[in-house]
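A quick write-up on the structure given underneath.
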Amino acid sequence: MAPSKTDISQLDGWIESLTNCTPLSEPTVKLICDKAKELLVTAGNLVEVSSPVTVCGDTHGQFYDLVELFRVGGWVPNTNYIFLGDYVDRGFYGVETVTLLICLKLRITLLRGNHESRMTTQVYGFYDECLQKYGHPRVWQHLTDLFDYLPVTALVDNHILCMHGGLSPSINHLDQLRTFDRQQETPVEGPHCDLLWSDPEEEGDGWRANPRGCGYTFGEDISEMFTYTNKLSLIARAHQMVMEGYSTMHNNKVVTIFSAPNYIYRAGNQAAIMQVSTGIQNTFLTFDPNPVDRRPRLQPFPKQEFFI
């Protein structure tokens, strides 16, 4: 559904406000969520994207670092992006981060992360942030309802498969990614859950229970078989903090990309994004936290486990 000229005019104004880290009103958040649902309701679980495109990992509500990401990678619409999920929780600016990205949804691809769920956001900060900024949970409800519509995987030039977490023992072929119902709260098991929660394992082969409590860990043999079967050159995922911003493993068949520098304002890590040019040539750009970070004096969020 193409937006009207009036919608585009409003959209530019909302984006301008958000780039100044000014939260939108609750009726406006509801409106952009409704418009995004109109775009996403007919989208498949697997979105096909053409290069050139830049792939980004977790941002976790670190709004000023998202601004730094755009400074390094290029502003929309000059650069095409895929974001791999986890826009909220942890950081102080989940509302501003996710609403800006939703406004840019007309021009970028947004995938769902394991933190884009009602259950997780009530534990790791986003629910409390919405209450503090709006005085009620309606904005949280609008946004978490929208999360149910986000695609879970993207395929770049038929060669690079992108998701937030990792592979699933229930998925052997790309066509199987298209078959399950994603428009629901993230299940606690099954392929939908696995794609958002699983992790590659450096040592050992096969599938193992994931210490996170959801999804699986998978060895190099699983990555090799999946990429060979589906004629892929790379699996690009996020979900794990990496000190250098990105990390390759499984004989360069898997890359982890993390785009929240100095995670939770104390981890000391760099962030990275991956530029995919025509011909599947990948370039990694790393960056440090935005020095202009002006965090408001919010009440502390509940104590959180660090690596979920």
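Key figures
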{"quantity": "Given (i) 65, 47, 33; (ii) 78, 51, 33; (iii) 49, 43, 34, the label whose value is Cα extents along the principal axes in Å derived from this model", "calculated": "(iii)"}
{"quantity": "Furthest towards positive pole of dipole, GLY57, HIS142, THR153, structure part the chain, Cβ charges", "calculated": "HIS142"}
{"quantity": "List HIS136, HIS250, ordered by accessible area with a 1.4 Å probe, largest first", "calculated": "HIS136, HIS250"}
{"quantity": "The chain: relative contact order as a whole-number percent, Cα under 8 Å and 6+ apart", "calculated": "20"}
{"quantity": "For q = 0.08, 0.19 Å⁻¹, Debye-computed log10 I/I(0) when each Cα of region 1-156 counts as one equal scatterer", "calculated": "-0.20, -1.28"}
{"quantity": "The chain, helix-only ellipticity at 222 nm - DSSP H runs n ≥ 4, -39,500 (n - 2.57), divided by all residues, nearest 500", "calculated": "-8500 deg cm²/dmol"}
{"quantity": "Nearest-10 value in Å² for the accessible area of LYS30, using the 1.4 Å probe", "calculated": "90"}
{"quantity": "By accessible area with a 1.4 Å probe, ligands and nucleic acids excluded, highest first: order of HIS142, HIS60", "calculated": "HIS142, HIS60"}
{"quantity": "Förster radius 25 Å - calculated FRET efficiency between GLN281 and GLN176, Cβ distance, rounded to 0.05", "calculated": "0.30"}
{"quantity": "Net charge contributed by nearby residues that have their C-beta within less than 15 Å of MET243 (K/R +1, D/E -1)", "calculated": "-3"}
{"quantity": "Within-14-Å neighbourhood charge of ARG182 [Cβ basis; K, R +1; D, E -1]", "calculated": "-3"}
{"quantity": "Neighbourhood net charge (12 Å Cβ-Cβ; Lys/Arg +1, Asp/Glu -1) for LYS37", "calculated": "-1"}
{"quantity": "Pairwise Lys count, the chain - Cα closer than 21 Å, eight or more residues apart or different chains", "calculated": "10"}
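The values are calculated or read from the model by the stated rules, or taken from the named source; none is laboratory data. Note that this is a predicted model, so its numbers are computed, not measured. Glycine gets a Cβ as well: all are built from the backbone with ideal geometry, and neighbour counts include every protein chain shown. The protein model used for the area step is the full one, side chains on, heavy atoms only, and it has no ligands, DNA or RNA in it. Shrake-Rupley method; radii C 1.70, N 1.55, O 1.52, S 1.80 Å.
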